Amino acid sequence: MNIDLTDTTSGQINAALVQARRAMGTPAVGMVLTLVIVTDEGSHYDALKAASEASKEHPSRILVVIRRPGRSPRDRATARLDAEVRVGGETGSGETVLLRLHGELASQAHSVVLPLLLPDAPVVVWWPADAPEQPSKDPLGVLAQRRITDAAETEDPVAAIGLRARTYAPGDTDLAWTRVTLWRSVLAAALDQKQARVERAMVEGEAYNPSTELLALWLADRLAVPVDRVISDGPGITAVRLVTDEGEICLYRGDGSLARLSVPDQPDRNVALHRRSTAELIAEELRRLDPDETYARAVRFGTDRLSGRGAGADSAAGGDAGETGSTGDGGAEAGEETGEGKGEGTRARKTAGAGKRSGRTAAR
């Protein structure tokens, strides 16, 4: 059921939601959280589609904030709220409200969103692109328990990761980090099976891929060893190699779908390691609403060196030529999962060309 409202108010939108639920025969509210998506007119369709898929696992009230401040002085001086209420159909057991904020109201989105939040339910704010510099200080971010950004959708993803480190607050997370969950799980399981001391590590992936950078930082932090960052043709992350005193543990994914895990003295195994959709990533983030301390440690570890220079080298993955930078400068502190140690810092960086990258990275 769809209800279109023009030049409306938050109170009228709430009344429309109650009316729609009654018309659908479900007057009770069975949603577990409010998901606020802050986007623009051109990008809201893809973001809403991903959120709707995720809401099948986490029934939510989805509020899509679309700012339309206007171009002319006359348009910017007006203040109008248009809304579209959707209940049932593709929304499943959840609710969706598209909020188009015109003129001066575009800068006051929090005043529109606040009356529409589900009572006594967590709030998650997601910026698919163009996130604020400090999400926790943003008027909408202040309302949320979790704040989701995506460094891969910025002009300079690596610089965006550095910014997230400087402005981190409990509750912040980034989809670039969510994309490495499967990699971290497989690598942790491999190290559990092979009790060997890791002496050095190597992470291979596309240039300007923030997920590759975060995976390198996580390994440097947790293992307290130097980590080389090697550029490959992708897609996304292509390989992780852990050099141990008993041989090399290698997790190689060349096609973006199926990976091969090689462990010394064990037969090679194939591992499903596909590049997940945005809907799967959002669904994972909505499973936990407490602060992600592991992400906080990884993003803060050595990010001051992410803008450093790399030294030319040959990639070890499939014979591709690439650039490599190594972790190893300074006395940055690192910690094992069960204890504290001294890391050798992080120069997890590559230079595939001078200047900033134009366009966007499709990192998974």
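On average, how much area does the Cα convex hull of the stretch 255-300 cover when viewed from any direction, in nm²?
5.3
Arrange the residues Met1, Met202 by how much accessible surface each exposes, largest first, with a 1.4 angstrom probe. Don't skip to the end; give the middle numbers.
On the way: Met1 80, Met202 40 Å².
Heavy-atom accessible area, descending, gives Met1, Met202.
Highest first, please rank the peptides 231-243, 133-145 by the mean number of other Cβ atoms sitting within 10 Å of their residues.
My ranking of the peptides, most packed first, is 231-243, 133-145.
How much of the accessible area of the stretch 109-215, probe 1.4 Å, is carbon plus sulfur, in whole percent?
Details: 1920 of 3700 Å².
Its accessible area is 52 percent carbon and sulfur atoms.
Determine one quarter of the surface area of the Cα convex hull of the stretch 178-218, which equals its mean projected area, and express it in nm² to one decimal. It would help to have the intermediate numbers written out before the result.
Working: hull surface 12.6 nm².
Hull-based average projected area comes out at 3.2 nm².
If you take the C-alpha gyration tensor of the stretch 96-213, multiply each eigenvalue by 5 and take the square root, what semi-axes do you get, largest first, in whole Å?
Details: eigenvalues 250, 59, 27 Å².
For the stretch 96-213, the semi-axes come out at 35, 17, 12 Å.
For a quick check: with amide H placed at 1.01 Å from N, whose amide H comes under 5 Å from Trp126's, ignoring anything fewer than 5 positions away on the same chain?
Those lying under 5 Å, H to H, from Trp126 are Val36, Ile37, Val38, Ile148.
Rounded to the nearest whole Å³, what is the per residue volume of the convex hull around the Cα atoms of the stretch 129-273? Can you show the working numbers first?
Working: hull volume 16.5 nm³, N = 145.
Convex hull of Cα atoms, per residue: 114 Å³.
First compute the accessible area of the stretch 249-291 with a 1.4 Å probe, then give the percent of it belonging to carbon and sulfur atoms.
Carbon with sulfur: 49 percent of the solvent-accessible area.
Short version: ³J(HN,Hα) in whole Hz for each residue of the stretch 138-154, in order, from phi by Karplus 6.51 cos²θ - 1.76 cosθ + 1.60 (θ = phi - 60°), x for Gly and Pro, what are they?
Along the stretch 138-154, the couplings run 5, x, 6, x, 5, 7, 9, 7, 10, 10, 10, 10, 8, 4, 5, 9, 10 Hz.
Please report the base-10 log of the normalised intensity I(q)/I(0) for the stretch 207-308, using a Debye sum with one equal scatterer per alpha carbon and no solvent, at each q in 0.23 (1/Å).
-1.38
The values are calculated or read from the model by the stated rules, or taken from the named source; none is laboratory data. Just so we're clear, the structure is a prediction, and the values are computed from it rather than from any experiment. Ideal geometry is used to build each Cβ from the backbone, glycine not excepted, and the neighbour counts take in all protein chains shown. Remember, those area values only see protein heavy atoms, side chains included, never the ligands or the DNA or RNA. Shrake-Rupley method; radii C 1.70, N 1.55, O 1.52, S 1.80 Å.
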